[in-house]
Each structure stands twice: as structure tokens, then as C-alpha cells.
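What follows is a short report on a single structure.
The values are calculated or read from the model by the stated rules, or taken from the named source; none is laboratory data. Given the structure is predicted, the values throughout are model-derived calculations rather than measurements. Reconstructed Cβ throughout: ideal geometry from the backbone, glycine too, with neighbour counts over all protein chains shown.
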């Protein structure tokens, strides 16, 4: 190689000076850097395709995701229909039964004995009920003893008209199962006490008085608020009572009856 070309020649030309450059090694070494660059470029291109494809796939999944939102109108709760009382049952009037008046015997003079006080012959009392008055009617095959009055305090059945009656005053009111302590724990678990604070209520106490019907099985129905202090307290009080389990039913005359109960729920907003 001429001296004036040595300084401008690259290392590959110097190595292959005087050698056969058409053999292949020369061309391979000369195009080595180009092939490396193409390989790196291809690798980067494939990686970019993979990354872009993943991003597009994830974006497609997010777009396909649909959030299901259920809107519940707390105040438009379904009221349990009041059951109408059954129609009165007309009982056939009992047929009169022949009854004979029998009084304890008294020893008096004959002229002082009244006709109705005379001791009747036992043969005339066959198939006749014994009572305090004389009545005419059909003879009874079985003679029952006089009916004795019930002792005071004995349990009496509920009249038919009281089966579906809603009592406001009873001997034992309905109560939350477990008492006041269990009721307090139920409210702590289920009542959102921050509702008035979230709705901008000033520091104060907000009491909602709710009334509801507790049937003979303890099920709550006809839940309604008798007042509304505002700031969402009325709706929250109704909502928490709709989640309530069965109560202990009210007791009247020793039997479970339908009862309208009143309960207060207090929200407190304190100063920050």
C-alpha cells in the first residue's frame, strides 16, 4: 500500500493488504457493524411491538370493564301490606236445653214452702240439666255439672277481632333480641354515624324517632320516621332498621300480638 494511503486507510484494509479480498472474510468483517446494528434494531423493534401490544390489550380490557351501580331509594321502601281481618264467622245459635232449678233444701214450715222451692222428684230430672233457673227446651242426653266461673288471673283466649289488631299499648313491649346492649352493638356495626357530618351538619345531636310494626313472629314492617332532623339522618335511620333481624314480639294477656313500636336513633356531630 502506498504511504500516502496508509494514513487514510482503515484497520481492515491494512489487515487484508495483499490478501484475497474476494474470498468472503473481508466482506463479512466489513459488513459486521452494519449487521450488528440491524440485529439490535430488529430486537428493539420486536420489544417495542410486544410492549405496545401489551398496553393496547390492557387498555382494551379496561375499556370493556363495566361497573355495575345499584341505586337504592332508601325512603321508597316497600311497605308490607296490612292484612285485613278475616270476615266474622256466624255461629249458629245453640238450641235451648231444658234445665231444672234445684236449690239446697231448707227446713221450714209447710205453709212457708214456695212451689218453685219444692224439692223435685229425681225421676223428673232424667236428661235434664241442673241449673239455677227453670227453662224449657230439648232434653240433653248427657247431664253436665253446672259451669263454674273461671278463677281470677286465668288466661283467656284472644278474641277473633284482636287477631290482626295492632296494639300501641301492651303488657310487655317488643324488644331487640339480647336487650339494649345487643341493640347498641347492632347500631355500632351497621349505622353510618358520619352521615350528618358528611352532609355538612354543624356540631349538635340529631335524634330520629322511627316507628315500625313488629308482628307475632318478630318481623319488622311499615318502618317510617316520625320526624326529620335533616342531613340524611332520616334515610340512614330507616336503612339500618330495614337490616334489623327479628325482634322479640310483644306480649298481651300471655300471648304474642302485633305491636307498633317507637324507637329513637341519635346522631352526634362533635367539633373538630
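Assorted remarks:
- Meets criteria (at pLDDT below 90 and under 30 Å from residue 87 (Cα atoms)) for residue 164: yes
- Qualifying residue in segment 177-195 (condition: in the same structural domain as residue 254 (by TED's automatic domain parsing), closer than 16 Å to residue 269 by Cβ and out of contact with any strand residue (DSSP E or B) (no Cβ under 8 Å at 6 or more places or on another chain)): yes
- Top-ranked residue in segment 189-227 [being assigned to a helix (DSSP H, G or I) and under 16 Å from the mean Cα position of the chain (by Cα); ranked as surrounded by the most Cβ atoms within 10 Å (Cβ to Cβ)]: 190
- Note on segment 241-268: residues that are more than 20 Å from residue 172 (Cα to Cα) and out of contact with any strand residue (DSSP E or B) (no Cβ under 7 Å at 6 or more places or on another chain) total 1.
- Condition check for residue 249: surrounded by fewer than 20 Cβ atoms within 10 Å (Cβ to Cβ) and touching a residue at least 12 places away in the same chain (Cβ under 8 Å): no
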